[in-house]
Each structure stands twice: as C-alpha cells, then as structure tokens.
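What follows is a set of notes on a single structure, which appears directly below.
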Amino acid sequence: MSSDRPRFIVDTMLGKLARYLRILGYDTKYSTELRDEEIINECLLGRILLTSDKQLHLSASTRKCVAIHIPSGLQIPEMLALLAREGLVELSIDITKSRCPICNGELKREPDKANSHLGRRYETYICRRCGNIYWIGKHWRTMLRIINEAKKHASGPS
C-alpha cells in the first residue's frame with residue numbers, strides 16, 4: 001500500500017464511515033474506546049481527523065491538526081462524496097488494497113473457498129490481524145452500489 005495515501009482517525013459517531021474507508025483501502029483508526037485527547041494525538045501523528053463533533057473539530061483545528069467536520073445527518077454516500085470532493089479519497093474499490101472493515105488489518109488472498117450450500121467458489125481474503133474471512137459475494141454488489149451513489153454525489157452540486 002502506498003505510503004502517500006491519507007491515513008484517518010474517525011470518531012465514535014462515524015463507525016460506518018470508518019468501515020467504508022477501510023474497504024476503499026485507507027488505513028483508518030476507529031475505536032469506541034478512544035477519548036478526544038487520544039484522537040487528537042493520533043491526528044498530531046499524521047492521521048486526518050474525521051468527526052461530527054463540532055467541539056472535537058475545533059479542539060483539533062486549534063492544535064494544527066488536519067480535521068474535517070462531517071455534518072450530522074449525512075448518509076454514507078454523501079460522506080464519501082464530501083471526502084472525494086476534498087481530494088482525500090478515491091471512490092473505487094480495489095480488493096487487493098482493501099483493509100479489514102472490523103480491525104483495519106491488511107487482507108491477503110486465500111485459495112478460493114467453496115460455498116457449501118450454493119456450490120460456488122468465491123474470491124476469498126483473510127485478515128492478517130483478526131482472521132476474519134471475506135469473499136466477493138452479494139454484499140459486494142451492495143458496497144459497489146453505495147460507492148456509485150457516492151460518485152454521483154461527488155460529481156453533482158455540493
């Protein structure tokens with residue numbers, strides 16, 4: 001993975017956004033356990049803060065952190081479009097760069113696994129950190145639909 005890609009720290013209000021950023025291949029730190037000061041420290045170490053918390057955004061900005069305020073009420077495609085318009089993310093999935101949506105670990109390709117009840121073979125990946133297994137199945141189409149919706153939002157009026 002290219003080291004020039006942005007790395008993110010996402011506050012507890014944006015967990016679903018964190019999962020999508022990981023799927024898009026961005027190193028994204030997220031935990032419901034992190035306090036604001038820990039989040040700001042991660043930002044000071046080079047991560048871009050994404051937050052819906054106006055006070056956290058202000059605190060981070062005054063400490064010279066790169067912080068993006070994500071207005072509350074936006075849906076995932078709108079959030080992703082906002083980040084794309086800012087030039088922070090590319091709205092395309094490359095599974096070879098995707099990260100585990102649960103733990104942010106890197107994925108590695110595994111031999112195709114047969115799905116016992118459908119008799120199909122799926123392109124399969126395993127998380128190097130937590131061991132979760134992922135495959136390109138029905139959920140893949142849902143993610144692509146959301147990414148395509150984000151692309152429409154990104155190219156339209158802001």
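The values are calculated or read from the model by the stated rules, or taken from the named source; none is laboratory data. What you see is a predicted model; the values in this text were computed from it and never measured. FYI the Cβ positions are ideal-geometry reconstructions off the backbone, even for glycines, and counts take in every protein chain you see.
Can you spot a residue in segment 142-149 that is of a type in the set (D, E, K, R), touching a residue at least 60 places away in the same chain (Cβ under 8 Å) and either touching a Ser or Thr at 6+ places or on another chain (Cβ under 6 Å) or not in a loop (DSSP other than H, G, I, E, B) (or both)? Within segment 142-149, one or more residues are of a type in the set (D, E, K, R), touching a residue at least 60 places away in the same chain (Cβ under 8 Å) and either touching a Ser or Thr at 6+ places or on another chain (Cβ under 6 Å) or not in a loop (DSSP other than H, G, I, E, B) (or both).
Looking at G25, is it modelled with pLDDT of 95 or more, within 27 Å of Y125 (Cβ to Cβ) and exposed (fewer than 15 other Cβ atoms within 10 Å of the Cβ)? When the stated conditions are applied, G25 does not pass them. When you check R7 against the structure, is it surrounded by fewer than 20 Cβ atoms within 10 Å (Cβ to Cβ), touching an Asp or Glu at 6+ places or on another chain (Cβ under 6 Å) and among the basic types (K, R), yes or no? Taking the combined requirement at face value, the residue satisfies it. Residues of segment 48-81 that are surrounded by 15 or more Cβ atoms within 10 Å (Cβ to Cβ), touching a residue at least 40 places away in the same chain (Cβ under 8 Å) and not in a strand (DSSP E or B): S52, D53, L56, I70, I76, P77, E78, M79, L80, A81.
Screening segment 114-134 for residues that are in a strand (DSSP E or B) and surrounded by 14 or more Cβ atoms within 10 Å (Cβ to Cβ) and picking the one that is modelled with the highest pLDDT gives C127.
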